[in-house]
Amino acid sequence: MSDYLDYLRELMTGFGTVTVRRMFGGHGLYRDGVFFAVVDDDTLYLKTDELNRARFEAAGCVPFAFPKQGELVVTSYWSVPESALDSADDLRPWLDLAYAAALRKAKAPAKRGKRGS
């Protein structure tokens, strides 16, 4: 595991049981089995939704995006303010926002796909 991931885990002490899984060249972070964050290129991105995204936007955060088949895919995971990474106390409000969004997503009814696809 990278030094950055070790640092993040240290900052998340007291937040709950956080596990890390490799995914698509980065890592997914889970609290009690709920996916709430992505780490890519030593940058932490937290889950957002329509209820908390404005807080991230107002703080100057940016969404995690990646190229796929010639197009840029913009996700619902946003960076955190640099100052949030100074201490566990600074990061905790952002983690709480992300985890709440992840729980809302987990509890939302599944979207139904088109028949035959």
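Side notes on the structure shown:
- Cβ-Cβ FRET estimate between Ser83 and Thr43, R0 fixed at 22 Å, reported to 0.05: 0.90
- Label-point gap, in nm, between Arg9 and Ala65 - each point 7 angstrom along Cα→Cβ: 3.2 nm
- Correct choice for Kirkwood radius over Cα pairs in Å that was computed from the model, options [x] 15.0; [y] 15.4; [z] 16.3: [x]
Each value in this text was obtained by applying a stated rule to the coordinates, not by laboratory testing. What you see is a predicted model; the values in this text were computed from it and never measured. Cβ coordinates were reconstructed from backbone atoms using ideal geometry, including for glycine residues, and neighbour counts include every protein chain displayed.
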